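Okay, so here's the structure we're looking at.
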Amino acid sequence: MASTFHTVVSEALKLDEGDRLRLAAELMDSVEGRASPEWESAWAEAVARRTAAADAREEAGEARGLEWDAVRARILQRLTAK
């Protein structure tokens, strides 16, 4: 199973960005199911709040958020710890 997983990941990474995003959405839907309108609304509100908070930090001269490399490293660490 592990070799199949790695083969699928390797092939998926060869896709262009748009196809990788569509694949990611399909995979998430296969696990979580399609989003409800209530969930979509709550998600949009959360994004708006976080964007406003990032804007406020930037206006105060602070960083908007974390660098992608730091976020990616944290995600990979969590995934490999399991």
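The values are calculated or read from the model by the stated rules, or taken from the named source; none is laboratory data. Values in this document were obtained by computation on a predicted structure and should not be read as measured data. Here the Cβ is made from the backbone with ideal geometry for all residues, glycine too, and neighbour counts use every protein chain on show.
Things worth noting here:
- Residue list for the stretch 1-54, filter: of a type in the set (S, T, N, Q) and closer than 25 Å to GLY65 by Cβ: SER41, THR51
- ALA53 satisfies every condition listed in (1) in a helix (DSSP H, G or I); (2) among the hydrophobic types (A, V, I, L, M, F, W, C); (3) under 16 Å from the mean Cα position of the chain (by Cα); (4) more than 25 Å from LEU13 (Cβ to Cβ) except (3).
- For the stretch 68-82, the set of residues classified as at pLDDT below 90 and either charged (D, E, K, R) or under 23 Å from VAL47 (Cα atoms) (or both) consists of LYS82 only.
- In summary, ALA54 fulfils each of the numbered conditions (1) surrounded by 10 or more Cβ atoms within 10 Å (Cβ to Cβ); (2) outside the structural domain of LEU66 (by TED's automatic domain parsing) with the single exception of condition (2).
- Residue in the stretch 18-50 that is surrounded by the most Cβ atoms within 10 Å (Cβ to Cβ), counting only those that are outside any loop (DSSP other than H, G, I, E, B) and hydroxyl-bearing (Ser, Thr, Tyr): SER41
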